[in-house]
Structure formats: C-alpha cells, structure tokens
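Read through the structure below, which is laid out as structure tokens, and then see the notes.
The values are calculated or read from the model by the stated rules, or taken from the named source; none is laboratory data. Source: prediction; values computed, not measured. Cβ placement follows ideal geometry from the backbone for every residue including glycine, while neighbour counts extend to all protein chains displayed. Keep in mind that these areas ignore ligands, DNA and RNA; they rest on the heavy atoms of the full protein, side chains included. Shrake-Rupley method; radii C 1.70, N 1.55, O 1.52, S 1.80 Å.
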Number of protein chains: 4
Amino acid sequence: MPLSFTPAFTPPFTSSGRSALVQAPPWHYAGWLVNVAFEFDAERGAALVPAELGAATGKGCVHFADWQACGDDGHELLDPVYAQYRETIVVLEIAPKPGEDARFYCPLIYVDQDISMLRGWLQGWPKKIGNTWLTRSMPLIHPAAAPLSAGSRLGASLSVKERRLVDASVTLTGEKAERLGFLAAPTIGAVGWPDLTQPGSTATPCYLRADIIDRVESGWTGGSATLQFHDHPVEELALLGEVRAGAASAGWMGLTVRGALAV
Amino acid sequence: MPLSFTPAFTPPFTSSGRSALVQAPPWHYAGWLVNVAFEFDAERGAALVPAELGAATGKGCVHFADWQACGDDGHELLDPVYAQYRETIVVLEIAPKPGEDARFYCPLIYVDQDISMLRGWLQGWPKKIGNTWLTRSMPLIHPAAAPLSAGSRLGASLSVKERRLVDASVTLTGEKAERLGFLAAPTIGAVGWPDLTQPGSTATPCYLRADIIDRVESGWTGGSATLQFHDHPVEELALLGEVRAGAASAGWMGLTVRGALAV
Amino acid sequence: MPLSFTPAFTPPFTSSGRSALVQAPPWHYAGWLVNVAFEFDAERGAALVPAELGAATGKGCVHFADWQACGDDGHELLDPVYAQYRETIVVLEIAPKPGEDARFYCPLIYVDQDISMLRGWLQGWPKKIGNTWLTRSMPLIHPAAAPLSAGSRLGASLSVKERRLVDASVTLTGEKAERLGFLAAPTIGAVGWPDLTQPGSTATPCYLRADIIDRVESGWTGGSATLQFHDHPVEELALLGEVRAGAASAGWMGLTVRGALAV
Amino acid sequence: MPLSFTPAFTPPFTSSGRSALVQAPPWHYAGWLVNVAFEFDAERGAALVPAELGAATGKGCVHFADWQACGDDGHELLDPVYAQYRETIVVLEIAPKPGEDARFYCPLIYVDQDISMLRGWLQGWPKKIGNTWLTRSMPLIHPAAAPLSAGSRLGASLSVKERRLVDASVTLTGEKAERLGFLAAPTIGAVGWPDLTQPGSTATPCYLRADIIDRVESGWTGGSATLQFHDHPVEELALLGEVRAGAASAGWMGLTVRGALAV
C-alpha cells in the first residue's frame, strides 16, 4: 500500500517529512581524525572479510574520528547535537584482483548517535553504537593542547556495551605523512536486512561504497603508534589476533557524500 | 555479489555471525509500562497518519516502557546492558473500515539503544533514539516506592536531542483498568529505506505490524493523568495540538515476537 | 565573607535556593537490589581498608541497586530523571573490636548522576561516576521477566570510564535469604576535601555513616552467584585478588536517611 | 580518627591513592571556547549574585567550552575519557568597589563528568552535571568545517536533566576580538558543604577563585550572537529575564591552575 505523504527520505514518515531521521544527501562531513595502520596474520582476515571480495592482505587501519556533519543549508551547525558524533572505523585491505587497485573493506564500525548510524547504513557502513574518545590537537603550546608537532602524544579508545574494545596511542613525529586506510583507497561495506514477514529470512547483503565528492584535507602529521584490540563477547576484532601498529597520522579532513555506489 | 559467510541475520556480517547487531527472532520482551490515553482534534491527525490507512479518530495513547528483552537462551539477562532499554511509543487510533476492528498506527517511537532500534525497524516501528524516564512501582510501603495502590504518583518523560518532548504524570486510583493503546488493538507502523545508488530515491514504505505470541500481563492499575507534547524543531508531536489526557494505567507485561506481518 | 542569601543546603547558591544541587534531608530511597557476598584473602584488604578501623576479615559484599529517591514532597517521582539512579556499592567487613558488633567499610562506590553523588558524599559514601546495569525481576511468568523464583538468572555489571570493572550473575533458588552486606550491619565510609588555598593540602578524612530511619524490605530471595573484579588503570577492586562468590540475594528495600553519624 | 593511608588528595581513599577521584594540582587545561557576552536588567542580578560581593552590573557572559585537561605527566591525554569534557560557564559582572577592578561572579556552571566537577568545586566553581554542545572550527574550507573566518556560523547549547536550558549561535566576522567574561577579569565562585552530623546544618559558603598560571591563547575571532536562557524547574538562569546578546568570540586557550585563592 503506497504512502500518501510526500515521500520522506527515511522513517519516521510524516506529512511534512520533518521528523525523518535522515534527510536526503548531499551530506557534508568535516572531522578530526587519528589514524593507525596495522598488520595482522592475513589468514585470520577470513573471519571478517567475505571471500568474494578477495583475500585479506594482512594490512588494515583503524580510524578514530570526531565528526561534524550537515546538509546543504548547514542548520545542524547551529544546533550541534544534530551535527557532531564520534566514530571508530576499522578497515582491512583486500588483495586486488588483476588490473584492480587496492581496496579496503570495513567489517566493523561504531558511532555514538542515530542519524549517523542510519546515514552510514545507507552508504554500506555496518554501524553499531559505540563510544569513541580521541585526543584533539589544539593550536597552542600548552601541556594539555597536544599540538600537531613532534612529541605530542594522542590517545584514542572505543568501548562497546560498557567494555573497552580498542586502545590506541600515537606519538607525533611532526613530519608530513601519507594517507592511510580509507583516506587512501576506496572502502567497501556490506549491509542488507532480513524480511521479518518471511520466516527464516536472513539479510540479503549488498556491497556498497560511498560516492564521495569535494574532498579536502589539512595534510596529515605522522607518528608512531600502539594498538590493542581487546576480547569482547560480541565484537570480533580480537579474531585478527595480535596486531602490530604501523604508520600513524592525525589531521583534519572534509568530504561530501552524494550517494552510494554498488560494488 | 553474494556474501560467502553463513547468512548472518543483520549487519555487521562476519563469518561467525556473532557481531550481528540483531540475532533472529523469537524475541522475548518483558517490561514495566505507564500508559496514558489522550484525545486530540482528529483533523490534526492527518499530519501524522497516512490517509490510506484511514483517518485518525482523535484518540491516541502514549506508552512509556522499561523493557527487558532476550532471545531463547536468555543470555542477555546475564549481561543486562544487552537486555534493557527504555522506550516511548506514541500510537494514534485509525478509523476502521467497514467490517474491520479498531487499529492503531505508530507515527513516532523512541528508544535508547541500537539493538532495540533495529529490531523495531524490522517489525515496522520507526524508532529514533530518545531518552525515556518513568517512575517504577515497587512492592513496598515507602515514600519513594510509588507502590501500585491508590494515591501513588508516577511521572514519565521523553527527551530527544537534548530537549524535553513529552511530560506525563499519573495518579493511581488503585482500581483495575482496561488495556490501552497498543495493548488493546493491533498497531501498524511504516518503515522502508531509500536506495542511495539511485539519485533521487526516497524510501519505499512498507506497512508492518509485529507478529506477537505468548503474551502475559500482570493486570493494569488505573489512574488519572496529565500529558504535554512540547514543541520541538524536528519531532512533530506538537502538531496534534492540545491533547487531553484520558484513562491511564500502569503494570507489567510480557510478549514474544516471532516476526512481522505485512498489512 | 558570609553569603547574604537565605542559606541554601548546597551549591550552587542562589537567592531562592532552588538551584541547589541537593536539598536538605530527609531523603527517601526505595530500590531493587542484587547482592553478592564474597570472600577474599584478608591480608589484601589493607589496600582498601584503613587500619584504624580494624582489619579486613576477608568477607565483603557487592550491591547493585536501581534506586528511586525523593524528598518529603515526593516531587522527584513526577519527573523521574530527578529520582532514579543506579549504583554499585562495595563493602568489606572489618573485624570488630572487643565488645563491638560487626561493621562494614565502603572503600568504593559508583553512581550515575550528580545529585546522588553529592548526597552520598555528605553521608560518607566516596562516590564516583560509573554505569551499573542489573537485571530486574518482574511479576510475570515469561522468558524475559526473570521472576523472583527458583531458576531465574540475573546479571549485573559496573563499568567506569568505558571499562568493565565488575561482572556478577545470580541464579535464584527461590528460597528466603538473610540480609547481606550493608543490609546486615552498619557501614562506614570516609570523605573529606583538600583546601586548595593551602599549598600541599590533602584531604582531611572523616569517618561517617548514614543515619537511617524507617527501613522496609520486601524480603530477600536467595541464590548462588558468580563474581569478577576486573583490572582497571584507576579503580583498585582487583587488589582484593581472587574473590569467591558466596551467598547472593535479590529484593526491594526502602529506607530514609535523616543525616549522618560521625564514627 | 586519622586515616592511616598516605594522604590521598580526595576520596575514595585507598592505600595507594590511585583511586582518588582527583589528583593534586597543577591542573593543565586547554580548550576550544565559544563566548557570548550579554546584557540583562541589572536589578534581576540579585537573584543570582550575593549582595556582599557588590551589585550585578547587568553585564554577563556565557562560555561554552570543549576542554582537555591533564596533570603534569599528561597521562590523561593517552586515555582521553580521563581528559576531555564539555562545560557551560555563566558569569555575571559585579560592580567594583572603589579602587577595585571589575570582577565576575559565577552563579551557575555545568560539566559532563565527575573529575571536572570535583576539581571545580575545589576551586570555587559550583558545578552541576549538564550536557554542552558547541560547534568546532576546523582549519578547512568545507561546508561542515565552520572555519575561523567571516561568515562561519557556530551553535552552542546546554541541557540539564533532559531539558534545553541555553541556546546560542554566533556568526563570525573574522575580525580579532577582545577577551570576554572570565577570560577578561578574575571570576569568583562560592562553594561550601553542610555537615550532616549536625541537624539543621546548611552549607557555610566560601568565596574562592582559581589561582591561574601559564595562560596562553590562540587569539579570539569575533562575531555577532543570539542567546536564549530557557525556563527550567530547577535551574534559575531565566530569572535574569530577557538577555540581549552582545559581543561574541571563539578561539582556543590554555591555562594551568595551581590552587585556589580565598576572596
């Protein structure tokens, strides 16, 4: 039965569409990111990467982000509970097929509010709720400011359902760094939903990636890092086994998403 | 491209399915509910009720609930951050078509965690995140216990994105009460998601209702009530205009959901 | 310099006293409690119990509580964000001096809101913020209701600063149980604050206990339990070493505090 | 009775002092601040400013801050749930006595975690728990970045106990601005605690101000502002009547507190 309302972009559906959890793209995001590349036993990747996409290479990256997001009119910036959220993104490199470039796959990602969660699902990011903390760099010379210069130490953590899942730290070198993880290559995710009207239904997954335009960066400041994925009764990051932190970086970036691309 | 993993019930998809946000039904729910029936100008219902379902009758109910939910093995009860959540459910009566029974439609509903949000979407409840508070009755004669007896006063509130949206209070009569709102009649919701790979796509809504089995109740204790829906820049409850609180009740109920029914 | 305002009970001080974080007692509390007694190596108690009070006996109890609190007019019950909080209380038995009765000492206690934190400090409870979850028993026969009868399983947890600190579970026997922990004997705490106008000042501790009147109970239902105190970079419960869960119980209780007693 | 432990700085008291909620100063703070000066009917200030300090001049400022704080070893920056918090600070100017300079008084201030709350109380800030949101400026040219340049719009809000209490917005001019509020003049607060062992005791207030050293600033970028204080059943900011937003600014600052000064 069709809905009589002017099409709303998402539920809840109302006559005006004002209550919709998410409004239509474009979605503009700007954020502070702390990025930690890591290596793990590639065979363990099969627990988290579907074989069709290719095998895990044993390389990955975790991104901790403090985002600000808005639509074209930017009204969310005037009531920032609607704009801001923190996120932890785990991406694993998948071996390219002949003639293809490197890509990442995102098995697990965690945010702290509902708008971002749904916007993510629509783009293929399989988000759950989790609490991310990350040190911010401020343009001050002061013991609490962690400025973007050699010797500053930054920390980051993720907890899910009242348990610490990820701990990371970065000591900045002050030198310019390369792009890491999803900043460096297209990143694919899988979503899809079961149909509860059909007994025994399970999700039909779709592989998607965000259709990103208008990307800007502040430049990335490099560092060395530590990283731990902790055991958790539900979240499966520890299945990657021992992870060895590699290159790390911090900086700001902005991007605009206008939709999603099927993979 | 099909996913190689054993089908998981929802994202995130992993080889084991352990990280899935939601596991397959049956889902068992038991909760403490405070229910406040209300009346409003029926013509205002068109802002929130799609015409195809029938017109709003000017009757509705708001339910405040403190739930505990689990699957068949009940493991969530041993780690209750996985089991518990609070919820505010608004339902509006829709005029039955000839030969039909009364039904309710749920335009807006708010929970405080992710598992419940997705489980709700799969059943047709258009949930968003919100913070619900409701006084609990304890089996004690004590000034802070609000026991289920004449004269006890209970309060309930909902806030969404840092703003109070609903305030209610109930003074118990101590007498047995009838079922109200979604406790009394089938309740329909609408969900559906846009396809971001198609520019201009909006959600294709589906009308669903939960397929409920094995329902138990403690009996409902009646009361008189007050109710206010506050203005909010996003949430549209205040479009119902002045609401007049009617019958109210409080009590416990359990139910099991095995799936959803298309409407 | 004296304050011109009519004395407020606590800061913030305003002319009306309305904004004070805490109003004067009596304070009425009613709650659902899950209690787990435990044993530990008594010598380890010296890390958490000051020697003046007597030595730790190697017995203790952890209480998980879901409280509702109000003043004499009970207005908090009508706006329950002001009434409700969850709490984890750890108490350790101290060996009585000749002629004295058994007593408990509370080294660590955690709540989830500010009013309760300050009210606690004024009574000698050294509260910090932490997140407590505990399964509730509902008067229903249903898989999610965990009724107060043989075989029901209850869980409880505490996390502090995004890390799980305590996990407990209780399987009810359905039999009546004795009072445990602070329900069974007076419990002492220590508070006191440094004077920042004096360089090098540290807190001058005071030993206090709550002055409790008008206590009521629902009766306690017994059970067997499991209990773990996890390592934490700040919280020191794991210094008690391996703890062995003993008797456990669950039930409701109410009490009224009219002040504090110096010890 | 003296405590046998090595003096801890605050409760909870343990043998090691590790669990103390607050460790001894110095305390280093660095933060992003959005500042909105305002005017109000000076006579209304008597509701919030004690007469002994002098009369309210009808000028005030509200500061929204996103802080990062640590001790000398900076370990909190490596686990930022221990370092970060958001705060709303309301200060009212008090008419100087002859020969004195302008000063501010802080009647009401709100933070979102416990460590900051206690550290504040020890310095005279009468903190309560509240949720502050404020837009951040990022060094990017992007619709979501709100850079520190002409035309950028920033929002800020405070909610307390699930109700919006303050809303503000700032449109940056991009020009350099003067210091506002507590950034421009010493600011006094009042704390003090009742003794619950004495029936009828109320708090004995002390006037204090922070002893600040080593202050740095990024420079302040000016703007025009809007500001509303909303009615609230407990919080009394609306007693100031209609407030007229004046000068506004945004920027970063760092400071170190080594103690408190009696006033």
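Annotations
- Across the stretch D:56-82, the qualifying residues are those that are in contact with a helix residue (DSSP H, G or I) (Cβ under 7 Å, 6 or more places away or on another chain) and more than 7 Å from every other protein chain (Cβ to nearest Cβ), and the one among them that is nearest to A:S137 (Cα to Cα) is D:E76.
- Filtered by the rule that a residue be buried (at least 18 other Cβ atoms within 10 Å of the Cβ) and within 10 Å of chain A (Cβ to nearest Cβ), the stretch D:164-179 gives D:R164, D:D167, D:A168, D:S169, D:V170.
- Flag for B:G241 being of a type in the set (G, A, S) and under 21 Å from B:D167 (Cα atoms): yes
- Output for the stretch A:116-163, where each listed residue is open to solvent by less than 20 Å² (accessible area, probe 1.4 Å) and of a type in the set (K, R): A:R119, A:K127, A:K128
- Of residues in the stretch C:131-146 being in a loop (DSSP other than H, G, I, E, B) and of a type in the set (S, T, N, Q), the one nearest to C:I115 (Cα to Cα): C:T135
- Number of the exception - C:P147 against (1) away from chain B (no Cβ under 14 Å); (2) at pLDDT 95 or above: (1)
- Check on B:F182, more than 12 Å from every other protein chain (Cβ to nearest Cβ), over 30 Å from A:A210 (Cβ atoms), in contact with a helix residue (DSSP H, G or I) (Cβ under 7 Å, 6 or more places away or on another chain) and not hydroxyl-bearing (S, T, Y): no
- Single residue of the stretch A:90-112 satisfying the filter (touching a Lys or Arg at 6+ places or on another chain (Cβ under 9 Å) and under 30 Å from B:E162 (Cα atoms)) that is surrounded by the fewest Cβ atoms within 10 Å (Cβ to Cβ): A:D112
- The number of residues in the stretch D:206-263 being over 18 Å from D:D66 (Cβ atoms) and hydrophobic (A, V, I, L, M, F, W, C) comes to 19.
- Considering the conditions (1) within 11 Å of chain D (Cβ to nearest Cβ); (2) surrounded by fewer than 23 Cβ atoms within 10 Å (Cβ to Cβ); (3) in contact with a Pro (Cβ under 8 Å, 6 or more places away or on another chain), A:R258 is excluded by exactly one of them, (1).
- For the stretch B:79-130, the set of residues classified as touching a Cys at 6+ places or on another chain (Cβ under 9 Å) and part of a helix (DSSP H, G or I) consists of B:Y82 only.
- Options D:I94, D:I89, D:I129, D:I109; residue that is more than 14 Å from chain A (Cβ to nearest Cβ) and touching a His at 6+ places or on another chain (Cβ under 6 Å): D:I89
- Residue within the stretch C:62-73 that is hydrophobic (A, V, I, L, M, F, W, C), buried (at least 23 other Cβ atoms within 10 Å of the Cβ) and part of a loop (DSSP other than H, G, I, E, B) present: no
- Here B:G192 fulfils each of the conditions (1) more than 30 Å from C:G254 (Cα to Cα); (2) open to solvent by 10 Å² or more (accessible area, probe 1.4 Å) apart from (2).
- Residues of the stretch C:199-218 that turn out to be surrounded by fewer than 14 Cβ atoms within 10 Å (Cβ to Cβ) and under 19 Å from the mean Cα position of the chain (by Cα), as a count: 3
- Qualifying residue in the stretch B:90-107 (condition: charged (D, E, K, R) and under 17 Å from the mean Cα position of the chain (by Cα)): yes
- Taken together, B:A46, B:A37 contain a single residue that is within 13 Å of chain A (Cβ to nearest Cβ), under 21 Å from the mean Cα position of the chain (by Cα) and either part of a loop (DSSP other than H, G, I, E, B) or among the hydrophobic types (A, V, I, L, M, F, W, C) (or both), which is B:A46.
- Selected residue (criterion: farthest from the other protein chains (Cβ to nearest Cβ)) from residues of the stretch B:220-245 that are of a type in the set (V, I, T) and open to solvent by less than 60 Å² (accessible area, probe 1.4 Å): B:V243
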